[in-house]
1. Once phi is turned into θ = phi - 60°, what whole-Hz ³J(HN,Hα) does the Karplus curve with 6.51, -1.76 and 1.60 give for every residue of the stretch A:10-27, x standing for Gly and Pro?
2. How many nm is it between the label spots at residue B:97 and residue A:11, if each spot is 7 Å from the Cα in line with the beta carbon?
3. Where does the Debye-calculated log10 I(q)/I(0) of the stretch B:5-100 sit at q = 0.13, 0.15 Å⁻¹, using only Cα point scatterers of equal weight, no solvent?
4. Can you give me the Cα centroid spacing of the stretch A:1-16 and the stretch A:68-91 in angstrom?
5. Would you mind giving the mean number of other chain beta-carbons within 10 Å of the Cβ of each residue in A:45-52, as a whole number?
6. Applying 1/(1 + (r/R0)^6) with R0 = 41 Å to the Cβ-Cβ distance of residue A:58 and residue B:57, what FRET efficiency is obtained, to the nearest 0.05?
7. Output the pairs from A:3/A:103; A:38/B:68; A:16/A:70; A:3/B:78; A:3/A:73; A:38/A:103 with a Cα-Cα distance over 22 Å in this structure; if there are none, say none.
8. At a 10 Å Cβ-Cβ cut-off, how would you order B:21, A:77, fewest neighbours first?
Amino acid sequence: AQKITQTQPGMFVQEKEAVTLDCTYDTSDPSYGLFWYKQPSSGEMIFLIYQGSYDQQNATEGRYSLNFQKARKSANLVISASQLGDSAMYFCAMRGLLQGAQKLVFGQGTRLTINP
Amino acid sequence: DAGVIQSPRHEVTEMGQEVTLRCKPISGHNSLFWYRQTMMRGLELLIYFNNNVPIDDSGMPEDRFSAKMPNASFSTLKIQPSEPRDSAVYFCASSLSQANEQFFGPGTRLTVL
């Protein structure tokens with residue numbers, strides 16, 4: 001079974017500061033993928049970034065980077081130079097990468113608020 | 001390009017009524033997923049299809065829920081009869097079967113009175 005834990009229900013950050021959202025995971029799959037999604041107040045789920053368990057380098061997408069520490073089973077999202085528009089719920093998710101294993105398991109989410 | 005399309009966006013119904021939620025995946029995607037989001041349980045996968053075939057329906061809560069995918073461009077999630085505890089946001093998502101990210105639709109907010 002797979003499990004995602006996000007221990008920060010809410011975070012408050014000043015605009016332009018960097019922010020780290022925590023995510024730890026548990027799985028017995030030898031190969032897996034880790035995802036972050038953003039859910040603004042409008043409700044849609046927006047894909048942000050992906051990290052494969054065998055990727056040698058941490059994933060980056062613009063202001064988003066994923067701090068992947070495999071031994072610690074953590075996949076923290078780092079947002080640099082935060083903006084007011086970054087205020088949203090953020091979900092960490094994972095799935096196994098074996099053939100046919102496409103089920104995404106989500107964490108409970110972290111509500112990020114960027115203060116001006 | 002159009003993203004995943006869901007209808008209706010909002011549905012209010014009375015307990016006992018049948019509810020049908022609809023989804024059109026992104027053209028060319030051959031995997032389709034139905035999720036439910038509630039405050040208590042978060043985001044949970046209900047069922048997913050590969051090439052129109054249901055692969056994993058272990059998340060479907062009970063027999064009142066059913067899902068179909070008659071062709072590559074359309075899927076339905078039906079609740080009959082609906083109950084107040086079914087109130088939630090229901091998301092449809094699609095992906096290329098071997099790709100990494102799933103693209104979500106805007107969701108249907110269901111309220112059962």
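1. Karplus-based 3J(HN,Hα) across the stretch A:10-27 equals x, 9, 10, 9, 6, 3, 6, 7, 7, 9, 10, 9, 7, 8, 10, 9, 9, 7 Hz.
2. So the two model labels end up 3.7 nm from each other.
3. Calculated log10 I(q)/I(0) at the listed q: -0.42, -0.55.
4. Between the Cα centre of the stretch A:1-16 and that of the stretch A:68-91, the gap is 8 Å.
5. Details: counts 13, 2, 7, 1, 1, 3, 1, 1.
Mean shielding by partner chains, rounded to a whole number: 4.
6. Numbers: r = 35 Å, r/R0 = 0.86.
So the FRET efficiency works out to roughly 0.70.
7. Details: A:3/A:103 12 Å; A:38/B:68 28 Å; A:16/A:70 29 Å; A:3/B:78 28 Å; A:3/A:73 11 Å; A:38/A:103 18 Å.
In this structure, A:38/B:68; A:16/A:70; A:3/B:78 lie more than 22 Å apart at Cα.
8. On the way: B:21 21, A:77 27.
The most exposed by this proxy come first: B:21, A:77.
Only the coordinates and a few stated rules stand behind these numbers; no lab work does. Computed from a predicted structure; not experimentally measured. All Cβ positions, glycine included, derive from the backbone under ideal geometry; neighbour counts span all protein chains shown.
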